[in-house]
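The next block holds one structure in the form of structure tokens; read it before the comments.
Quick note: the coordinates plus some simple rules give every number you see, no bench work behind them. Predicted model, so just to flag it, every value in this text is computed and none were measured. Here the Cβ positions follow ideal geometry from the backbone for every residue, glycine too, while neighbour counts run over all protein chains shown.
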Amino acid sequence: MTVTMITGGTRGIGREVARQLAEVHGHRVLLGARDLRRGRAVAAGMRGRVEAVELDVTNPATIDALAARLDGLDVLVNNAGVQLDGEVPSTEPDWAAIGGTLEVNLLGPWRVTAAVVPLLRRSPHPRIVNVSSSSGLTRLVNESGDASYCVSKAGLNMLTKIWSVELPGVLVNAACPGWVQTDMGGPDAPRTLAEGVQGILWLATLPDDGPTGRFYRFGTQAMRHATAMAEAEVPY
Ligand code: NDP
């Protein structure tokens with residue numbers, strides 16, 4: 001049975017990815033939660049094999065404790081994320097927001113991935129999905145605001161590339177889910193949760209001859225014109 005770990009599984013995109021991987025794809029899902037009690041309540045509402053695990057991606061102790069007790073891992077979904085900047089110009093920096101964003105969105109996936117690489121190397125079909133954003137594409141920058149969020153996702157895109165080179169045999173890809181109705185995306189977002197998770201699920205369940213080191217954008221427009229998931233690929 002494929003074992004998948006997802007960070008930030010308590011809400012939004014992470015929660016829906018966890019649910020569908022367990023209920024539709026038959027994975028054994030380790031649902032990462034900062035608050036284990038809340039994680040357990042979320043897991044209890046899902047069918048299939050879902051176990052809540054304590055995981056704060058900014059806390060190396062929880063990461064190392066979890067990695068040490070796992071006996072195998074096939075798929076890692078680095079999903080946990082925050083957006084803290086607001087419209088503050090980057091030249092009037094709010095260092096607390098900047099540090100907090102980079103800790104969760106960039107150093108978080110870096111720490112978690114490094115901790116579980118030995119487990120992924122032992123998997124016959126290892127996959128890493130970095131839940132990124134088109135905000136991390138330099139060619140799309142045309143307005144101020146959300147600077148540390150953009151920097152964090154640009155860094156995550158770079159790590160996607162680096163890991164794809166450093167980890168031959170592991171399929172490592174980044175996905176922008178589009179603008180999705182979650183606590184982060186807000187109620188006006190055009191994409192439903194079900195639409196937002198499609199690309200992430202595709203990358204988490206890739207066949208062995210699937211792509212690696214790529215960035216896919218599953219925004220409304222991209223998906224409208226895409227006849228296949230792979231057509232949503234865009235250059236970094
Ligand atoms: P939500 O705000 O709805 O959920 C964020 C999740 O991340 C929660 O489960 C939260 O846990 C978790 N989290 C936050 N900080 C930490 C931490 N330190 N350690 C572990 N988990 C943490 O966001 P979305 O579901 O919308 O976003 C998921 C991902 O998708 C993010 O990486 C985001 O950047 C990306 N994305 C989202 C878009 C959108 O439109 N929604 C667009 C593009 C990308 P808790 O419940 O404990 O707070």
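Given a Förster radius of 30 Å and the C-beta distance between Arg49 and Val234 as r, what FRET efficiency does 1/(1 + (r/R0)^6) yield to the nearest 0.05? E(calc), rounded to 0.05, equals 0.30. Using only Cα atoms, locate the centre of the stretch 79-96 and the centre of the stretch 108-153, then give the distance between them in Å, rounded to an integer. Cα centres, the stretch 79-96 to the stretch 108-153: 17 Å. Listed from fewest to most Cβ neighbours within 10 Å, the set Val170, Val165 follows the order Val165, Val170. With the convex hull drawn over the C-alpha atoms of the stretch 85-143, the volume per residue is 100 Å³.
Hey, with R₀ at 22 Å, roughly what FRET efficiency would Asp183 and Ala61 work out to, going by the Cβ-Cβ distance, to 0.05? FRET efficiency, Asp183 to Ala61: 0.25.
Its relative contact order, with pairs defined as Cα atoms under 8 Å and 6+ residues apart, puts the stretch 119-236 at 28 percent.
Give the shape of the stretch 140-194 as rounded, prolate or oblate, defined through the alpha-carbon gyration tensor: a ≥ b ≥ c are the square roots of its eigenvalues, a/c under 1.5 means rounded, and otherwise the shape is prolate if a/b is larger than b/c and oblate if not.
Judged from the Cα gyration tensor, the stretch 140-194 comes out oblate (a/c at least 1.5, b/c at or above a/b).
Full extension of the chain between Arg11 and Thr192 yields a length gain of 63.8 nm, computed as 0.36 nm times the residue separation minus the alpha carbon distance.
Stokes-Einstein diffusion for the chain at 4 °C, viscosity 1.567 mPa s, with a Kirkwood radius from C-alpha pairs, works out to 73 µm²/s. Rank Pro190, Pro109, Pro177 by mean-square fluctuation in a GNM of the chain with C-alpha springs under 10 angstrom and give only the top-ranked residue. Result for the chain, Cα springs under 10 Å: Pro190 fluctuates most. In the stretch 126-236 the Cα-Cα distances spread across 10 Å bins starting at 0 as 15, 46, 33, 6, 0 percent of all pairs. Given the options Asp35, Asp74, Asp183, state which has the largest fluctuation in a GNM of the chain using a 10 Å cut-off (strictly under) for Cα springs. Per the Cα network of the chain with a 10 Å cutoff, Asp183 tops the list. Would you mind calculating the relative contact order of the chain from Cα pairs under 8 angstrom and at least 6 residues apart, reporting the percent as a whole number? About 17 percent, as a whole number.
Note on the chain: dipole from Cβ charges, positive end direction compared against Tyr236, Phe218, Gly145; the farthest Cα belongs to Phe218.
Placing +1 on the Cβ of every Lys and Arg and -1 on the Cβ of every Asp and Glu, with nothing else charged, gives the stretch 3-224 a dipole about its Cα centre of roughly 720 debye. Loop only by DSSP, 11 or fewer other Cβ within 10 Å of the Cβ. Give me the GluC sites (Glu not before Pro) in the stretch 40-140 that pass, ordered by residue number. Answer in residue order: Glu87. A Förster radius of 41 Å, combined with the Cβ-Cβ distance separating Arg121 from Glu92, puts the computed FRET efficiency at roughly 0.40. Using only the Cα atoms of the stretch 1-82, build the gyration tensor, take square roots of its eigenvalues as a ≥ b ≥ c, and label the shape rounded, prolate or oblate: rounded if a/c is under 1.5, else prolate if a/b is larger than b/c, else oblate. It is oblate, given that a/c is not under 1.5 and a/b is not larger than b/c.
When the alpha carbon gyration tensor of the stretch 59-100 is reduced to an equivalent ellipsoid, its three semi-axes come out at 33, 13, 6 angstrom, largest first.
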